[in-house]
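The values are calculated or read from the model by the stated rules, or taken from the named source; none is laboratory data. Everything numeric here is computed off the predicted structure, so don't read it as measured data. Heads up, the Cβs are rebuilt from the backbone with ideal geometry, glycines too, and the neighbour counts pull from every protein chain shown. For accessibility, only protein heavy atoms count, side chains too; no ligands or nucleic acids. Shrake-Rupley method; radii C 1.70, N 1.55, O 1.52, S 1.80 Å.
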6 protein chains.
Amino acid sequence: MSRIAVFPGSFDPVTRGHEAIVRRALGMFEQVVVAIGQNTGKSYYFPLQLRQEWLSQVFARDAGVSTLVYSGLTVELCRSLGARYILRGLRTAADFEFERTIAQVNRQLAPEIETLFLLSSPEFDALNSSLVREIHRFGGDISAFVPEGLSIPPPTGQ
Amino acid sequence: MSRIAVFPGSFDPVTRGHEAIVRRALGMFEQVVVAIGQNTGKSYYFPLQLRQEWLSQVFARDAGVSTLVYSGLTVELCRSLGARYILRGLRTAADFEFERTIAQVNRQLAPEIETLFLLSSPEFDALNSSLVREIHRFGGDISAFVPEGLSIPPPTGQ
Amino acid sequence: MSRIAVFPGSFDPVTRGHEAIVRRALGMFEQVVVAIGQNTGKSYYFPLQLRQEWLSQVFARDAGVSTLVYSGLTVELCRSLGARYILRGLRTAADFEFERTIAQVNRQLAPEIETLFLLSSPEFDALNSSLVREIHRFGGDISAFVPEGLSIPPPTGQ
Amino acid sequence: MSRIAVFPGSFDPVTRGHEAIVRRALGMFEQVVVAIGQNTGKSYYFPLQLRQEWLSQVFARDAGVSTLVYSGLTVELCRSLGARYILRGLRTAADFEFERTIAQVNRQLAPEIETLFLLSSPEFDALNSSLVREIHRFGGDISAFVPEGLSIPPPTGQ
Amino acid sequence: MSRIAVFPGSFDPVTRGHEAIVRRALGMFEQVVVAIGQNTGKSYYFPLQLRQEWLSQVFARDAGVSTLVYSGLTVELCRSLGARYILRGLRTAADFEFERTIAQVNRQLAPEIETLFLLSSPEFDALNSSLVREIHRFGGDISAFVPEGLSIPPPTGQ
Amino acid sequence: MSRIAVFPGSFDPVTRGHEAIVRRALGMFEQVVVAIGQNTGKSYYFPLQLRQEWLSQVFARDAGVSTLVYSGLTVELCRSLGARYILRGLRTAADFEFERTIAQVNRQLAPEIETLFLLSSPEFDALNSSLVREIHRFGGDISAFVPEGLSIPPPTGQ
């Protein structure tokens, strides 16, 4: 049987933390689908096309990683892909509370799908996309926080 | 002396967790007032009228439960009703931190009013209104999360 | 119907935080039973007799408060007293996690008994009996942490 | 390549929460090794032989689950078994903090071994072995907390 | 060498908690710079000029405290001022998680700058600016939460 | 005026986390006193003499760091040294809750003494002495967790 995991997020932008989680999960799964959630009515900082390009570039050499864009419920995406696992990274206790609630709801909506947690590596604990956006917005250098080699646009003038 | 408790919230929508807290509180109080906070400047997902109808329907047979709409400070509502208790449900440690801050401020504003906490039942831990809204928005089935028998409108097209 | 709440603990020693919780609960219940858990195989810092005397002294003028010693399960004590409520104070998020687990187990053992939480007042947040014992052991003055008027023995020489 | 996960614990006693985690992990791994940590200098409530028998009985029909006893570092056990995964259940935010620390140390000791977390099911949130022991010690009925069909000895007289 | 600490925030409004942190820090530093972060694209409740006036008034007699307005990254402000310390108050565990993430990012951006934490006094635990704004918006009296002597405008009609 | 900070602990053993906190605090204080709490009735894993030697060795070249052994209340030690600051490291939210309680009690016992918190560096988050002891007890290599160059005795046979 095929083992597929979905790694959902908005990746606005992808961080070194995301990159590490996907790489570490690769040993466990045949396929890891990095799924960019795109919801009407939510606004994003980096344009969708750029976020897609970044993910493709980061995992270009990782056989077993694919990228896609979806909207709607994550469990519906899993079902349509035949994926039985949702993969999530945990950084802090606050993360945990939030993730637990979502995982319990997903389990009620789709009991056959399991949410699996990996711990972020401590050097990436501080890395969450919203902070990285904040630094970028103020003109700070975010290259240490995103995967190597990404080309980052300058902040749009405030 | 009359024992009245106010159970404030936006009930957007009412959940099975809310329903259980009110029922469990009924043994302790003569009256439980389910109070829908309605604030200008805040936007809600379900219209006020629907939220009111739902609450009336859920507690139709529970003598001792009444429903009302208010705006402004919860402690002022309590004073105007002669209620000495604010009732709150606790689900997670994050809830607790948030509720503690509010309860301490309320105590400073109105020392004669006590905030009482009941624990949510574990099967309802994942139930918070904002997640239920999210599922509804994406076309998911929310009937397992709200009290039985509510008629739920279809999501407005995105 | 009679409304009785049990406030269980080891009260080793009773603190100003305990005192405040019991007083605040008195408006809600006809009787608050302060129940000293005494378990073989656990050791206590202050002798049982002293802990009992302290509690009797603290609540001497509070009609509606009684004190007793018990061993075994708290829910069994409640049943034997006809008490339908267990009363607990919450200070910190760590408290909450601990209390939630115990309350859920109690609910499974005795679904008819409800655990009710009051928030400790912020000026008593730091007050837990184990810290008070520690200060006493090192010869510190604990009179600001325990109810007024208790006579405290000197620490036994280390 | 063989996928083996180690599920370490003292299982004093095994709970329904443990049982559920192992079952849910079976889809992900070819083998789940339930490993009873037995350390000199630590005392246990139920005798080792009973804890072993219970685990064997619970997983008797689950091909892919084996049970063993070990002492020493969990990462050393993993290495000797060729297991690349440590499996852990998460219940509360307090659990998470504790587990994170241990997982980070294990990662430093053995970077090739990954710790994987599953969320406990909400109905088992309150289930931790130390509470179950406490209930047993006081003569309470623990059959709802441990897997079905285990024969439980009466508490030793206090 | 000069010891300068920056105390950043939006001070919307300044609270008694802020006031206490600055006063307590004065013994440690030669200068405490209270820095009002003002970011385009974020909206504030009280106008900038009022927030500035309030801070000047509160610390008028505290030699060693100065007030300024900045936008952009806090670490850049520190560098331009020659400040080696960022000062923050901690109230709750949720605060801590949030502050830890920011402090780690700041350390990565500017390793020579240290973030120092003081604990809020328990009587100010409930005081956070967003709650104070909420009370003001609903016409409640906020004078007990802000430093003495501030003149507070009435809420703008809802 | 002299600025002295006390860094209390049992240092059983000293970790790289402790080492980093002291070094980072050196810029802020003229003297940092590393104070080994030694309490009758508590048992330690490494002998006192070894813990003292380790600390002396680690900070041998850091002018401004001294080491001493004390028993009793930390605030009493501070008073006898003329130290106005207690220095503590924070790693996790659980740490925070624990430290907050102690700091509040210390403030009540000695309002003139301030507790100051530094955040542990993320690479040391997993480092707490009790885990290091556990690894040592099981024969694991702890050299990556303690300061460089310490000579570590072999574990005493179990």
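Descriptive notes on the structure:
- When residues of the range A:2-45 are limited to those that are among the aromatic types (Phe, Trp, Tyr) and in contact (Cβ under 8 Å) with a residue 40 or more places away in the chain, the one nearest to the other protein chains (Cβ to nearest Cβ): A:Phe29
- Residue in the range A:86-102 that is of a type in the set (S, T, N, Q), more than 10 Å from chain B (Cβ to nearest Cβ) and either part of a strand (DSSP E or B) or open to solvent by less than 20 Å² (accessible area, probe 1.4 Å) (or both) present: yes
- Each residue in the range B:103-144 was checked for being closer than 18 Å to A:Gly72 by Cα, in a loop (DSSP other than H, G, I, E, B) and open to solvent by less than 50 Å² (accessible area, probe 1.4 Å), and 3 of them qualify.
- Members of the range E:38-64 found to be over 17 Å from E:Val146 (Cα atoms) and small (Gly, Ala, Ser), listed by number: E:Gly41, E:Ser43, E:Ala63, E:Gly64
- Scan of the range D:46-105 for residues that are β-branched (Val, Ile, Thr) and in contact with a His (Cβ under 9 Å, 6 or more places away or on another chain), ordered by number: D:Val58
- Against the test of being of a type outside the set (Ser, Thr, Tyr), in contact with a Leu (Cβ under 8 Å, 6 or more places away or on another chain) and closer than 20 Å to B:Phe59 by Cα, the options B:Phe145, B:Phe96, B:Phe124 yield a single qualifying residue, B:Phe145.
- Conditions (1) under 16 Å from the mean Cα position of the chain (by Cα); (2) among the small types (Gly, Ala, Ser); (3) within 14 Å of chain B (Cβ to nearest Cβ): number failed by A:Ala110: (1)
- Checking D:Ser120, D:Ser130 one by one, the residue that is within 12 Å of chain C (Cβ to nearest Cβ), in contact with a helix residue (DSSP H, G or I) (Cβ under 6 Å, 6 or more places away or on another chain) and of a type in the set (Gly, Ala, Ser) is D:Ser120 and no other.
- Residue in the range E:150-158 that is in contact with a Gly (Cβ under 9 Å, 6 or more places away or on another chain), in a helix (DSSP H, G or I), more than 19 Å from E:Val32 (Cβ to Cβ) and touching a residue at least 12 places away in the same chain (Cβ under 8 Å) present: no
- Residues (open to solvent by 20 Å² or more (accessible area, probe 1.4 Å) and within 20 Å of E:Leu118 (Cα to Cα)) located in the range E:21-52: E:Arg23, E:Arg24, E:Leu26, E:Gly27, E:Glu30, E:Gln31
- Candidate set from the range B:110-158 (those that are among the hydroxyl-bearing types (Ser, Thr, Tyr) and out of contact with any strand residue (DSSP E or B) (no Cβ under 7 Å at 6 or more places or on another chain)); member that is nearest to B:Ser10 (Cα to Cα): B:Ser129
- Number of positions in the range C:64-85 that are away from chain D (no Cβ under 13 Å) and open to solvent by 30 Å² or more (accessible area, probe 1.4 Å): 8
- Residues (at pLDDT 95 or above, hydrophobic (A, V, I, L, M, F, W, C) and in contact with a strand residue (DSSP E or B) (Cβ under 8 Å, 6 or more places away or on another chain)) located in the range E:22-55: E:Val22, E:Val32, E:Val33, E:Val34, E:Ala35, E:Ile36, E:Leu48, E:Leu55
- Breaking point among (1) away from chain A (no Cβ under 14 Å); (2) open to solvent by less than 50 Å² (accessible area, probe 1.4 Å); (3) not in a helix (DSSP H, G or I), for E:Leu55: (3)
- Failed item in (1) in contact (Cβ under 8 Å) with a residue 24 or more places away in the chain; (2) in contact with a Gly (Cβ under 7 Å, 6 or more places away or on another chain), with F:Gly82 passing the rest: (2)
- B:Arg61 falls short on exactly one of the conditions (1) basic (Lys, Arg); (2) in a loop (DSSP other than H, G, I, E, B); (3) facing another protein chain (nearest Cβ under 8 Å), and that condition is (3).
- Residues that are farther than 15 Å from B:Tyr70 by Cβ and assigned to a loop (DSSP other than H, G, I, E, B), drawn from the range B:13-40: B:Pro13, B:Val14, B:Thr15, B:Leu26, B:Gly27, B:Met28, B:Phe29, B:Glu30
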